[in-house]
Amino acid sequence: MSGDDPRLIRLTARDNIVVLGAPIHAGETVLLGGTQVEIAQTLGMGHKIASRAIGAHEDILKYGMPIGFAACDIAPGDHVHLHNLTSRYTPIEIMEPQQ
């Protein structure tokens, strides 16, 4: 999508997150979907930030697919990680082969 800072990678148009292609420091302002957004904390390359407001329990989309859901409301530019994303992954019990 045009209107994004060149350090941000939008993988698909459906995504509600963008991936950092370079570090961004706390207090920097980035262009996100044509809107200036201040980044609250220093984040390294590969981290995710919300590209728009994401409501609690809404799917987090990366590559156009849900990778989990928002554990709380997430503001545009907020870091999206384990503190506010709940995985939809359900662990399975691995059965040991019988002897």
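The values are calculated or read from the model by the stated rules, or taken from the named source; none is laboratory data. Every value quoted in this text rests on a predicted model; they were computed, and no experiment measured them. Note that each Cβ is placed from the backbone with ideal geometry, even for glycine, and that neighbours are counted across all protein chains shown. Surface areas here come from the heavy atoms of the whole protein model, side chains and all, with no ligands, DNA or RNA. Shrake-Rupley method; radii C 1.70, N 1.55, O 1.52, S 1.80 Å.
From the list L61, L11, pick out the single residue that is at pLDDT 95 or above, within 27 Å of R88 (Cα to Cα) and open to solvent by 40 Å² or more (accessible area, probe 1.4 Å).
Numbers: L61 fails: open to solvent by 40 Å² or more (accessible area, probe 1.4 Å).
Going through L61, L11 in turn, just one is at pLDDT 95 or above, within 27 Å of R88 (Cα to Cα) and open to solvent by 40 Å² or more (accessible area, probe 1.4 Å): L11.
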| field | Residues (under 23 Å from C72 (Cβ atoms) and polar (S, T, N, Q)) located in region 9-57 | value | N16, T35, Q41, T42, S51
| said: Checking L20 against (1) out of contact with any Leu (no Cβ under 7 Å at 6 or more places or on another chain); (2) open to solvent by less than 20 Å² (accessible area, probe 1.4 Å), only one condition comes out false. Which one? | reply: (1)
| query | If you go through region 70-99, how many residues are part of a strand (DSSP E or B) and modelled with pLDDT under 95? | reply | 2
| task | Kindly check whether there is at least one residue in region 15-31 that is modelled with pLDDT under 95 and not aliphatic (A, V, I, L, M). | result | no
